[in-house]
Amino acid sequence: MKNILITCCVLLGVAIFPMPYGFYQFLRLAVCGSMVYYIIQEYSKNYKINTVACIITLLYNPVFPVHLNKDIWQMLNVLTAIYLYYLVCNIRDTK
């Protein structure tokens, strides 16, 4: 789980720089998919739903995209990367 979230943090960090539109579409898919996986894993452990993770999932969903200007997306990408890093630091792997 930690590796998936770290990968998303790196992708969100790269998204600060000018990239082709296809990268941002891939970013939406990667972040949304990893958040869905995280939500399912955490719910199966303690039957609690992380509200912030759900909001991130809805914000980055590739099916019904949220259209915001570039400055807002850059700020959201940085905030999301910080939050994912926070999750990485607080996840306890149960292997």
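The values are calculated or read from the model by the stated rules, or taken from the named source; none is laboratory data. Source: prediction; values computed, not measured. Cβ atoms come from the backbone with ideal geometry, glycine included; neighbour counts cover every protein chain shown. To get the accessible areas, we keep the full protein, side chains included, count just its heavy atoms, and leave off ligands, DNA and RNA. Shrake-Rupley method; radii C 1.70, N 1.55, O 1.52, S 1.80 Å.
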Pick from the range 72-92 the residues that are of a type in the set (V, I, T) and part of a helix (DSSP H, G or I): which of them is farthest from the chain's Cα centre (by Cα)?
I72
Quick check on my filter: what residues within the range 1-19 are touching a residue at least 12 places away in the same chain (Cβ under 8 Å) and either open to solvent by 50 Å² or more (accessible area, probe 1.4 Å) or not in a helix (DSSP H, G or I) (or both)?
M1, K2, I4, I6, T7, A15, I16
Mind checking which residues of the range 1-31 are over 21 Å from R92 (Cα atoms), touching a helix residue (DSSP H, G or I) at 6+ places or on another chain (Cβ under 9 Å) and of a type in the set (A, V, I, L, M, F, W, C)?
L11, L12, V14, A15, I16, M19, F23, F26, L27, A30
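One line per residue, one yes/no per condition, for (1) open to solvent by 60 Å² or more (accessible area, probe 1.4 Å); (2) among the charged types (D, E, K, R); (3) in a loop (DSSP other than H, G, I, E, B):
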residue: L29; (1), (2), (3): yes, no, no
residue: S34; (1), (2), (3): no, no, no
residue: Y38; (1), (2), (3): no, no, no
residue: K45; (1), (2), (3): yes, yes, no
residue: I56; (1), (2), (3): no, no, no
residue: F64; (1), (2), (3): yes, no, yes
Search the range 28-54 for residues that are among the aromatic types (F, W, Y) and pair each with any residue that is assigned to a loop (DSSP other than H, G, I, E, B) when their beta-carbon atoms are under 9 Å apart and the residues are at least 6 apart or on different chains.
Y37/M1; Y38/M1; Y38/N50; Y38/I91; Y43/I49; Y43/N50
Restricted to the range 32-54, and to residues that are aliphatic (A, V, I, L, M) and in contact with a helix residue (DSSP H, G or I) (Cβ under 7 Å, 6 or more places away or on another chain), which residue is farthest from N77 (Cα to Cα)?
I49
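For every residue, the table says whether it meets (1) touching a Ser or Thr at 6+ places or on another chain (Cβ under 8 Å); (2) farther than 18 Å from K2 by Cα; (3) of a type outside the set (S, T, N, Q).
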| position | (1), (2), (3) |
| --- | --- |
| Y37 | no, no, yes |
| E42 | no, no, yes |
| I56 | yes, no, yes |
| N61 | no, yes, no |
| H67 | no, yes, yes |
| I72 | no, yes, yes |
| L76 | no, yes, yes |
| V88 | no, no, yes |
